[in-house]
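First the structure, in the form of structure tokens, and then the observations on it.
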Amino acid sequence: MPRIFFVFLVLSSVLTLPAPAQDELVLEQVAPPLKPVRVEVADLKDQLEKGLKARRDEEFRFIATVVTMVDSKRLPLDLVQSTFLWARKKAKYKRYPFPYFEQALRQRANDLGISIP
């Protein structure tokens, strides 16, 4: 019997609590919207030069040619980007990814009928 009495006492006390008034309700505070942050993203030329660790003049000329072809829509940007990522991954344990990039990009562009001078 004492157990039933305890349950009855708890239920009756919960049911008899006064409901909070409308103005007493605590509203969840919402964080103000975030302001857009300007992020500096390297352009394609800088990305290729720094990411492929270009050193020689002929490498800088090749990158300039690739950037010009991408800007003029003669070479797809996604082809260049995917080849860039592949070359960096391929040369993970080597110090110099540029040769992988150049050879692979020339081959992939050739497969699409695009000639890179």
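The numbers here are math on the coordinates, done by the rules we state, and not lab data. Not measured: the values here are computed from a predicted model. Glycine also receives a Cβ, built like all others from the backbone with ideal geometry; neighbour counts cover every protein chain displayed.
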For the stretch 53-117 the chymotrypsin sites (Phe, Trp or Tyr not before Pro) that pass both the DSSP coil test and the at-most-12 other-Cβ-within-10 Å test are Tyr93
So, with points 7 Å from each Cα along the Cβ direction, the Lys92-Lys45 label distance in nm works out to 3.2 nm
FRET efficiency for Ile114 and Lys35 from the Cβ-Cβ distance with R0 = 30 Å, rounded to 0.05, comes out at 0.10
Length gained if Arg61 through Leu85 is fully extended, taking 0.36 nm per residue and subtracting the Cα-Cα distance, is 6.6 nm
Candidate cut points under trypsin sites (Lys or Arg not before Pro) in the stretch 56-117, DSSP loop plus at most 10 other Cβ atoms within 10 Å of their own Cβ, are Arg56, Lys73, Lys92, Lys94, Arg95
